[in-house]
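Derivation of every value follows stated rules applied to the coordinates shown; laboratory data play no part. Given the structure is predicted, the values throughout are model-derived calculations rather than measurements. Every residue, glycine as well, gets a Cβ built from its backbone with ideal geometry; the counts of neighbours run over all protein chains shown.
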Amino acid sequence: MTLRTLGLLCLTLAMVGCSGDDSAPRPNVVLITMDTTRADHLSVYGYRFPTTPFLEEFAAEGARFNQVYAPAPATAPSHATLFTSLSPLTHRVLKNAVTLGEQHETLAELLSEAGYQTAAVLSSFVLNAKFGLGQGFQMYDDDLGRGQPNMDWHDWEGQEVEGAFARRGNVTTDRAVAWLETERDPDQPFFLFVHYFDPHDPYTPPRKYRGRFMDQSIESSRERAEISNYDGEIAFTDDEMRRLCAALDGLGLTEDTIVIITGDHGEGLWQRGYQYHGAHIYEEAVRVPLLMRWPGRIAAGSVFETPVTIADVVPTLGDFLGLPLEAGVVQGRSLVGCLGTGEPLDRELPVFLYRIPYEPQEEFGVWVEGEKHAIRYQSWKYLVGDDEGTTELYDLSADPGEVRNVIAEKPEMAARLARALDDWRQAVTLPDSLTVRPELSEEDVRKLRSLGYVD
């Protein structure tokens, strides 16, 4: 089978439910996302500092995927993919502040139709219901209030902003636990989505997490302190996820609950001179965690090296729960085979990445123009920026940091990957007429612009 064919194969991966006895009670589902979390800053993925002791324990009880990709380095596009198993080129949430169209069925809608009680607790305005990501949730808590925001808007970019753009993870956990304890219907299986925003800039962890992880090898004192605080935000989020899962255990729900923890994108942290996210689709921007636990069904301590994406979450849950998905409806693949029996994942399937579109500008020291695309196939990664006039090829097995562009040395591989990427783009791209932009208030626009989320 050619790579050209394989690029199109991802479009037709259909799911047929295989959960076994349809009369058996379906498990609950808890899906957690860590915003702005690059996998290589988590100790569960080998980071030198112990930032995620809870995730290490969690992985020992379930499965860890070591090479996991978000589809884009932005919150809304990646969450739209997580909920629909569609590429940003298909669901058309190409950037933040664009609404997911109602024609796209979400995971919450699938589970609601299957008899699940659905609830979500958000930590940032970026996932506000007005952007369409609340489809299918019976309770969607995006009222961030004024209490304990993880950023002080009065001091943010010199703007005086009323209300909160985000809230601290402990407030999010409190709300999620309260729902589990007092609002959950014990006679229904439930789907609970919880979003933690703390690792997003500005990196201002609670006091006891500040300065805990200080890498003295970083020459710049400012960068050293900022990265330490970023790591502190991750450690704080790790503790909050521990508290959430402890609540499940205290309610006797652990054994009957699938828990999935993942991320929406990474962060530059001055790698290549760029601190934030959005401008790049290099590994630090799109490599995220993915861990799953279901006692008795997912083998404890499982580790998988084959590249996967967060688009695989919907078909995996569909397979686990016996919810058949029609061919062409999802673009991810089910991971149930490897989770249940250790069946090897197909290494031939490529991963596709997308950079949100930019007007020509310098973005925090990086020139950006238009869109950018990439394909990861086995150890190879090919990137192309049509408007920027750039093409790059990296052998990640020899050069995981994407330092040495070998496109001149490997023209045949570059051409092969370019063809597969072109095929993918043509097959999955829907017209811009399907893009929906919500009505934003002036206050909404100020909040989004202050984080660089709208032009």
Open item on the list: Cut-off is 10 Å between beta-carbons; in what order do LEU396, LEU180 appear when sorted fewest neighbours first?
Closed with: LEU396, LEU180
TODO: Neighbouring Cβ atoms within 10 Å as the yardstick, rank SER123, SER112 fewest first.
DONE: SER112, SER123
TODO: Only helical DSSP H runs with n ≥ 4 go in: add -39500 (n - 2.57) per run for the chain, normalise by residue count and round the 222 nm mean residue ellipticity to 500 deg cm²/dmol.
DONE: -8000 deg cm²/dmol
Open item on the list: Can you tell me which lysines have their Cα less than 28 Å from the Cα of LYS381? Leave out same-chain residues fewer than eight positions away.
Closed with: LYS95, LYS372, LYS410
Open item on the list: Suppose a student asked you for the relative contact order of the chain, using Cα pairs under 8 Å spaced at least 6 residues apart; what percent would you report?
Closed with: 27
Task: 11 Å beta-carbon shell around ALA129, net charge (K/R +1, D/E -1) - done: -2
Open item on the list: Restricting to Cα pairs below 8 Å that are 6+ residues apart, what does the relative contact order work out to for the range 22-102? Please round to a whole percent.
Closed with: 15
